[in-house]
Each structure stands twice: as structure tokens, then as C-alpha cells.
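Engineer: Provided herewith is a single structure, encoded as C-alpha cells, for subsequent inquiry.
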Amino acid sequence: MNNDLKNQADELAQVFAADMVGAPTGVGRFGQFGGMFVPETLVPALHELEAAFKDAWADPVFRNELDTLLADYAGRPSPLTRCDRLGEQLGFQLYLKREDLNHTGSHKINNVLGQALLAKRMGKTRLVAETGAGQHGVATATAAALMDMECLVYMGEVDIARQELNVFRMRLLGAEVTPAVSGSRTLKDAVNEAMRDWVGTVEHTHYCLGSVLGPHPYPWMVREFHRVIGTEAAVQCRVALGSDHPTGRPDVVVACIGGGSNAAGIFSGFAAFPEVALVGVEPEGGAAIGHGIPGIVHGMKSYLMQDEFGQVSEAHSISAGLDYPGVGPEHAHLADSGRARYEQVSDSEVIEAFQLLSRTEGIIPALEPAHALAWVVREKESLAGKNVLINMSGRGDKDVGQMMEVLGDQL
Amino acid sequence: MSPTEPLSLQAALESRRESGGKCLVPYLTGGLPGWELMLSAVASAGADGIEVGIPFSDPVMDGPIIQESSELALAAGATPPGILDALSRLDCEVPLAVMTYVNLVYRFGYERFAASMVRAGVSAAILPDVPLEEAGDWCAAADAAGVQTVMLAAPTSPDERLVSIVERSSGFVYAVGLLGITGERDSLAASAKVIAKRLKEVTDLPVLVGVGISTPEQAVEVCEVADGVVVGSAVVRRIVETGSPESVAELVGTFRDALDKG
């Protein structure tokens, strides 16, 4: 990023930090949501992590080290792409924030580089992580290789089968991949296994949690590590929309929601400006906000898909990365406060959107951001004439095998 | 029917300690097929109190054995009201605690859950995912209903935190014996006696060590310092493997005998 952009970004970041998506209150509360509902064994480690993060985040040396890695290793800033062909077809201006072009293929690397650097600074020698689609697992394995740390990734048995390419990538990078065989054998269960691992290894291990989920300080810390998405996008939109645009900001910002980390990142750049609509798009089969009620699991109070007794429901989505019955607590708060709205799309709408972007723009999206795209396609009439920004959180290479099974005969 | 006032777990444990004995609190997963018979068998085999687990879909503090038993119980239709209702109809003559995860209690409603516990004759609750930071809402409801809340203390808890934990705890204080989740271990972790000793220095509450107490020998060893033990996975494994109340009673009896001999 050139200096002019960097200065603007810093200035904007200060504005944002003061509003809407600021630090949580009390013990990690966003409104009534969040908290630290974990076994006692982990509580001291979470307090230690919070203190270490605050210290690091205020330390220019740490920030500079992370910024350098994000630029020289991960390839930031990621571009903003205006999609003229698809925009014309849909009847509005469509911009994509290209997190798919980051090293390892998704936004996940932002958070992982931050957490791995922090873990090193705390003297930890081992990373554990959960992964759904494998993108966070690959990113964690990558950071562990780069920083010479041991790495173990828990992944649901079902997800291992549908994302075998990412399993191989993790192993190639030197990580161990252990299947989660309980419950629904997807992301939820991988989180359980990672937490159980951490309860036993907390002295030398850092739990590199992959979304804005879990106990405090994770929802806050992970969002801060992804804030760079929103900060860059705000500056890039101002440039792209031109000096004659009254605000230099898009009308609508759209992102897919599993736990909600890519959405938290891009929303953080726009939440302070009420004229910008924020839309999170959940899978129909994993819609914590759409179909859940408040509950407590994985260390946090948030919206949760559950039965009448509080047993957590199994999510079902074509996208392994969104196959999760909960959601980050800050999204629960943004939904309750009305600052953001949350919509649901079906697997079949996602499959259509996946092909549409591929054919019109030459960009094969991951199935996760294809949810955001599916929603804007459905809403094209209400979006007519607007400037719409989608966070293209990852690329579709990992999904090609799975989509070959779905679409093979039709193409 | 159970008495209107549940038998107090804390009173029973203190009484055992005052008589020079060591406390034995076995755990069993509620809702397993035939679990009521298992409960009676455990009670008659010398338990000072019994921890009844209400199974949860995502038990992050539990290892494979209790995970498996939870899945079996859920598959058999176990629910929180069903288990509490069954307990209200049992009269097993030893004090009871329920051990479960907070979402089931939150969903039920804290006040309603505490009241249902009292009606079921259960005197204490153990919620491993409710640390001090999050204990306020539950404890307010529990205190008002006269329900004891057993807090957990871990090897990682700093000294000043132990003081706050024992202040908030009632029933007993649950000393987590090792860094890790529930499950059997080949030998007693060195951390077990250390945490028990640290707690004994700051409280008069009974200090019971749980997690990783798998054999009568380990129980005796840790009770050189602790006031007693919670035995979970070993009991549950026996229940799941044999389905026999006699076999389970025999296992609990070996712990009782060993602790009595010292």
C-alpha cells in the first residue's frame, strides 16, 4: 500500500475503533453475547492471551512485523475488483474484495499470521486448530511451517472426505491432521476436539481458533486481525467510486457467515457509517441467526441452532466452512441491534452463483463467498443501481472436486 | 418421594471427614438404559454422594468414555427434565449432585432448573463450563433456591484465584487433578496432590479430586492430601461394558474399601 493510502487507512481505522465494532465490554461482552464459558483449566490461559494480545496490539514492533508478513508473505493489500460483466447482468455496480488472492487462498491467513506471531511472542511452541473446509487448517499449517512450530489440526471426518485436497496440503506443510469422529463429524466437533486438546496442553500450546468464535478474547482478537480487510476496502472503495461520489462508500456490504470472521473483518471498515447496509449471508442449513435462539457453547453466548432442551443441532450445508450451528457473538449483537441484517440462501442458489461468477468474471469462488453472491443475485431488483461490495473470502480450487460430483454431467 | 429438603451433599461429606474417613463420590451418566438401577447400586456400595451427569451434545470437558456414554444416553432419549423427574421418584438415601453443561441449564431457565433440582431431591450442581467469570447469573438462582454450586479449581489456577473459587464454592470444591479432560490414566498425575494441597491451605470445604482418578490405589494416594475423590470414567466404563448393577457396585465397593483401609 502506498503511503497516501496507508495514512488514509490509519485515519479511518481510528474513526472505526471508536465506534460500533470497538472492544468488548466486561468479560468479552458484545451486548448480552460473548463471554468466557470454559473449564477453569483454560481461564488463566485466556486471561494471559488477552493481556498478551493487548500488549502486542499496542506495540509498534509487533504491528510492523505483522504488517510486513501480511504484505511480503500473504500478498496484501488484496485488490478490489469491479465486476463489469456480472454487474451489468444484475443491474448494479458489483465490487469484490479479493481475499481469494491471498496466500493460501482465503482471508484466513490474516488471523493466523497474527495469532502465530502472538503465540511465538508468548513462548508457545505448538499450535492446535480446528478446520471446516480446511482453509483455516491450511493457513495454520502454513504459519506453523513458516515459524517453525508444531501443528495439529482437528477436522471433522465428514469434512476430511469432502476436502481431501486441503487435508493433503496440511500434511504437505508438515501438520498433523486428526479426524473428529464424534457428533456430526464436522466443524462443531472439530472445535470440541481442539478445545479438549488445549485443556491438556495449554502450558505450551496456543489454540489458533479460526473464526470470531469461542471464549473471550477470541471473537475480539480474531476480528482485529481481520480488520485489515475492512480498512483496505474502505480506502479502495473511496478511490474506485471516484471523487464525485458523495461518501465514497458502497451502499451495501455483503459477506458470508459461518462463524463470521470474514464478515467481521469487512464490516469493521463500514460499521461506523449508518448509510452503509451490512448483510451477512448464512446457509439455510446452518443459520444460527436465522433459525437459532440464544445459547451457550464453545465458550460463548450467542445465537445457536439447538433443540428444545438445549442440545446443539447439527448444521447441514454444502459448504464445509459454513457448516456450523453457532455464530460469532458480535454478529449476534449486530443482529439484535439492527446494525447488520442476516439472510439465508439455499445450497442450490449457491451452486448457481458458483457457476455464474466463474462464467461471467473468470473467478471461481469458494462455496462460502458464493453464499454472499447468491444473495445479491436473488436481491438484484432491490439492489438495482446501487454500489454493492462482496467480500470474496476465498477461492474455489478446494471445492472443484466436490462440485465435479454435483455438476459433472451438466457441464 | 424424596423429602422436601434434599439431603445436603456438603453435610454428608463433612460428616464423613469428621469421622476420619475419606469421601467417595462416583459419577454416572443419567439416562443410560437402566441407569436408575445403577444409581441404587452405587448408593448401596458406599458412596457418600453421587454425581449424576445430564448428557450434553458437546461435552468439551469429557474424554472418550463419558462422551460415548452421553451419546448413548441421548440416543436413548435422555432429557434434563426426564432425568430430574426420574430422580424425584427415586429415594437412594445418599445426597445427589447433577453435573452438566451450562447450555442445558440456560435453556431450561436458571431459576426453573434450580427449583426442579430441589423438587428432585438434588442438593448440588457442577457446571464445568461456568468459571467464576460467568457464575453470577446461575449462582444467584442457585443460592436463592438453596442449591449448592460446586466450583472447579485447576492446576493452572493461580493462588489468588483459588481463594475466590473456594469462597464461591459450596458442596465441596472440585480439584481437577490434571491438565486434561476426564478419562482414565495409568498413574496418578503429580498435579493431583499439588492442587489438593493448595486448596486445603485456603479452605475448610471438603476438597475432592476428580479427573484421572481411575483406580482404588490412585484414590488412596491422592487422599493422603485430599478429603476424597470423584470417580467418573472408571465407573461409567463399567456401566457401559457390563450393564450390570452388581458389577458396578463391586467396583465402587473396591474404592470404598481401599479408602476405608487408607
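Engineer: List the strands (runs of 3 or more DSSP E) inside segment A:23-99, counting only whole elements, that have at least 1 residues being over 21 Å from residue A:239 (Cα atoms). Before you say what the answer is, go through the steps one by one.
Structural biologist: On the way: elements: A:33-37, A:80-82, A:93-98.
Where strands (runs of 3 or more DSSP E) fall fully within segment A:23-99 and carry at least 1 residues being over 21 Å from residue A:239 (Cα atoms), they are A:33-37.
Engineer: Give the residue, chosen from A:132, A:91, that is assigned by TED's automatic domain parsing to the domain that holds residue A:203 and either surrounded by fewer than 23 Cβ atoms within 10 Å (Cβ to Cβ) or over 21 Å from residue A:70 (Cβ atoms) (or both). Walk me through it before giving the result.
Structural biologist: Details: A:91 fails: assigned by TED's automatic domain parsing to the domain that holds residue A:203.
Being assigned by TED's automatic domain parsing to the domain that holds residue A:203 and either surrounded by fewer than 23 Cβ atoms within 10 Å (Cβ to Cβ) or over 21 Å from residue A:70 (Cβ atoms) (or both) holds for just one of A:132, A:91, which is A:132.
Engineer: Right, something else. Looking at A:51, A:139, A:145, A:133, can you tell me which residue is at pLDDT below 95 and over 21 Å from residue A:269 (Cα atoms)?
Structural biologist: Sole residue among the options that is at pLDDT below 95 and over 21 Å from residue A:269 (Cα atoms): A:133.
Engineer: When you scan segment B:31-95 for helices (runs of 4 or more DSSP H) that lie fully inside it, which ones turn up with 3 or more residues that are more than 13 Å from every other protein chain (Cβ to nearest Cβ) and surrounded by 23 or more Cβ atoms within 10 Å (Cβ to Cβ)? Full working, then the answer.
Structural biologist: Details: elements: B:35-44, B:64-75, B:80-89.
The qualifying helices (runs of 4 or more DSSP H) are B:35-44.
Engineer: Please state which one of A:310, A:321, A:269 is at pLDDT 95 or above and under 25 Å from residue B:61 (Cα atoms). Talk me through it step by step, then tell me what you get.
Structural biologist: Working: A:321 fails: at pLDDT 95 or above; A:269 fails: under 25 Å from residue B:61 (Cα atoms).
Just one listed residue meets the conditions, A:310.
Engineer: Next up: Can you find even one residue in segment B:230-252 that is part of a loop (DSSP other than H, G, I, E, B) and crowded, with 24+ Cβ neighbours inside 10 Å? Please lay out each step first, then the result.
Structural biologist: Restricting attention to segment B:230-252, the residues satisfying the condition of being part of a loop (DSSP other than H, G, I, E, B) are B:232, B:243-244.
The next check asks that each one be crowded, with 24+ Cβ neighbours inside 10 Å; those that pass are B:232.
Yes, there is a match, as at least one residue in segment B:230-252 is part of a loop (DSSP other than H, G, I, E, B) and crowded, with 24+ Cβ neighbours inside 10 Å.
For (1) in contact (Cβ under 8 Å) with a residue 60 or more places away in the chain; (2) surrounded by fewer than 20 Cβ atoms within 10 Å (Cβ to Cβ), each residue gets a yes or a no:
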position: B:188; (1), (2): no, no
position: B:195; (1), (2): no, no
position: B:200; (1), (2): no, yes
position: B:207; (1), (2): no, no
position: B:219; (1), (2): yes, no
position: B:222; (1), (2): no, no
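Engineer: Please enumerate the residues belonging to segment A:360-397 that are of a type in the set (D, E, K, R) and closer than 18 Å to residue A:85 by Cβ. Write out each step before concluding.
Structural biologist: So in segment A:360-397, the residues of a type in the set (D, E, K, R) come out as A:361, A:368, A:378-381, A:386, A:395, A:397.
Scanning segment A:360-397 gives A:361, A:380, A:386.
Engineer: Now a separate question. Looking at (1) charged (D, E, K, R); (2) crowded, with 23+ Cβ neighbours inside 10 Å; (3) in a loop (DSSP other than H, G, I, E, B), which one does residue A:308 not meet, given that it meets all the others?
Structural biologist: For residue A:308, the failing item is (2).
Engineer: Among the listed residues A:193, A:224, identify the single one that is touching a residue at least 40 places away in the same chain (Cβ under 8 Å), within 22 Å of residue A:100 (Cα to Cα), charged (D, E, K, R) and part of a helix (DSSP H, G or I).
Structural biologist: On the way: A:193 fails: within 22 Å of residue A:100 (Cα to Cα).
Residue meeting the stated conditions: A:224.
Engineer: Counting just the residues of segment B:10-67 that are free of Cβ contacts under 8 Å to residues at least 12 places away in the same chain and among the hydroxyl-bearing types (Ser, Thr, Tyr), which one comes out farthest from residue A:304 (Cα to Cα)?
Structural biologist: Among residues in segment B:10-67 that are free of Cβ contacts under 8 Å to residues at least 12 places away in the same chain and among the hydroxyl-bearing types (Ser, Thr, Tyr), the one farthest from residue A:304 (Cα to Cα) is B:19.
Engineer: Within segment A:279-300, take every residue that is crowded, with 24+ Cβ neighbours inside 10 Å and not small (Gly, Ala, Ser) and give me the one that is farthest from the other protein chains (Cβ to nearest Cβ).
Structural biologist: Looking at residues that are crowded, with 24+ Cβ neighbours inside 10 Å and not small (Gly, Ala, Ser), I get A:281.
Engineer: State all residues of segment B:150-198 that are among the hydroxyl-bearing types (Ser, Thr, Tyr), under 18 Å from residue B:25 (Cα atoms) and in a loop (DSSP other than H, G, I, E, B); if no residue qualifies, say none. Outline the logic, then answer.
Structural biologist: Taking segment B:150-198 first, the residues among the hydroxyl-bearing types (Ser, Thr, Tyr) are B:156-157, B:164, B:169-170, B:174, B:182, B:187, B:191.
Going one step further and asking which of them are under 18 Å from residue B:25 (Cα atoms), we end up with B:169-170, B:174, B:182.
Matches in segment B:150-198: B:169, B:170, B:182.
Engineer: Got a sec? Which of A:80, A:42, A:70, A:66 is more than 22 Å from residue A:227 (Cα to Cα) and either in the same structural domain as residue A:386 (by TED's automatic domain parsing) or modelled with pLDDT of 95 or more (or both)?
Structural biologist: A:42
Engineer: Please go through segment A:240-264 and pick out each residue that is surrounded by 24 or more Cβ atoms within 10 Å (Cβ to Cβ) and in contact with a Phe, Trp or Tyr (Cβ under 8 Å, 6 or more places away or on another chain). Walk me through it before giving the result.
Structural biologist: Keep residues of segment A:240-264 that are surrounded by 24 or more Cβ atoms within 10 Å (Cβ to Cβ), which gives A:250, A:253-264.
A:250, A:253, A:254, A:255, A:257, A:258, A:259 - these are the residues of segment A:240-264 that are surrounded by 24 or more Cβ atoms within 10 Å (Cβ to Cβ) and in contact with a Phe, Trp or Tyr (Cβ under 8 Å, 6 or more places away or on another chain).
Engineer: Can you tell me which residue among A:200, A:174, A:183 is in the same structural domain as residue A:36 (by TED's automatic domain parsing) and either of a type in the set (Asp, Glu) or farther than 30 Å from residue B:66 by Cβ (or both)?
Structural biologist: On the way: A:200 fails: either of a type in the set (Asp, Glu) or farther than 30 Å from residue B:66 by Cβ (or both); A:183 fails: either of a type in the set (Asp, Glu) or farther than 30 Å from residue B:66 by Cβ (or both).
Going through A:200, A:174, A:183 in turn, just one is in the same structural domain as residue A:36 (by TED's automatic domain parsing) and either of a type in the set (Asp, Glu) or farther than 30 Å from residue B:66 by Cβ (or both): A:174.
Engineer: Considering only residues that are under 12 Å from residue B:217 (Cα atoms) and aliphatic (A, V, I, L, M), which ones fall in segment B:232-262?
Structural biologist: Within segment B:232-262, B:258, B:259 qualify.
Engineer: Now a separate question. Just checking, does segment A:150-158 include any residue being farther than 25 Å from residue B:66 by Cβ and either of a type outside the set (Phe, Trp, Tyr) or surrounded by fewer than 24 Cβ atoms within 10 Å (Cβ to Cβ) (or both)? Give the steps one after another, and end with the answer.
Structural biologist: From segment A:150-158, those farther than 25 Å from residue B:66 by Cβ are A:150-151; that's our starting set.
In the following step, the residues that additionally are either of a type outside the set (Phe, Trp, Tyr) or surrounded by fewer than 24 Cβ atoms within 10 Å (Cβ to Cβ) (or both) were identified as A:150-151.
Yes: one or more hits.
Engineer: A further question follows. Could you run through segment B:96-126 and say how many residues are within 14 Å of chain A (Cβ to nearest Cβ), part of a loop (DSSP other than H, G, I, E, B) and surrounded by 24 or more Cβ atoms within 10 Å (Cβ to Cβ)?
Structural biologist: 2
The values are calculated or read from the model by the stated rules, or taken from the named source; none is laboratory data. Since the structure is predicted, the reported quantities are computational estimates derived from the model, not experimental observations. With ideal geometry, Cβ positions are generated from the backbone for all residues, glycine too; neighbour counts draw on all protein chains shown.
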